[in-house]
Amino acid sequence: MPGLDATFAALADPTRRAILARLAEGEATVGELAAPIRLTAPTVSKHLRVLERAALIEVRKEAQRRHCRLVRAPLDAAQSWIARTAEFWDQSLEKLDALAAAPEAARPARRRKR
């Protein structure tokens, strides 16, 4: 499975996010994905290739049509990473707030550079 870099790179584009939002409602063909965002099928296909390389979607061919469906695992991994990072920063900022609120005498001594 591609890593978080590919997931976040794919999510950086608003058109790809709109495609993923549509696919969250259920499977769709390339034509169905292209219609509401007013892009040509070839342009949508380029976006779909990026999403497929990032493992965010799966594409299957059925006769002349290509059906796309959302793959949630990379989004879950990204959400987990964001949650862990947010928790780290929340804890760090709480420590900083506590340090800033402590009286001067209770603060750890600063080391001097030599």
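S45 is checked against (1) surrounded by 14 or more Cβ atoms within 10 Å (Cβ to Cβ); (2) modelled with pLDDT of 90 or more; (3) closer than 22 Å to A9 by Cβ and fails just one. What number does that condition carry?
That leaves (2) as the condition not met.
Looking at A10, A77, which one is touching a Lys or Arg at 6+ places or on another chain (Cβ under 9 Å) and either at pLDDT 95 or above or surrounded by 14 or more Cβ atoms within 10 Å (Cβ to Cβ) (or both)? Steps first, please.
On the way: A77 fails: touching a Lys or Arg at 6+ places or on another chain (Cβ under 9 Å).
Just one listed residue meets the conditions, A10.
Where residues in the range 13-23 are farther than 20 Å from I82 by Cα and either of a type in the set (S, T, N, Q) or within 14 Å of the chain's Cα centre (by Cα) (or both), which of them is surrounded by the most Cβ atoms within 10 Å (Cβ to Cβ)? Before the answer, list the steps.
Looking only at the range 13-23, we keep the residues that are farther than 20 Å from I82 by Cα, and these are 15, 18-19, 22-23.
Retained after the next criterion (residues that are either of a type in the set (S, T, N, Q) or within 14 Å of the chain's Cα centre (by Cα) (or both)): 15, 18-19.
Working: T15: 15, A18: 15, I19: 28.
If we take residues in the range 13-23 being farther than 20 Å from I82 by Cα and either of a type in the set (S, T, N, Q) or within 14 Å of the chain's Cα centre (by Cα) (or both), then I19 is surrounded by the most Cβ atoms within 10 Å (Cβ to Cβ).
The values are calculated or read from the model by the stated rules, or taken from the named source; none is laboratory data. Remember, it's a predicted structure, so these values are computed and weren't measured experimentally. Glycine gets a Cβ as well: all are built from the backbone with ideal geometry, and neighbour counts include every protein chain shown.
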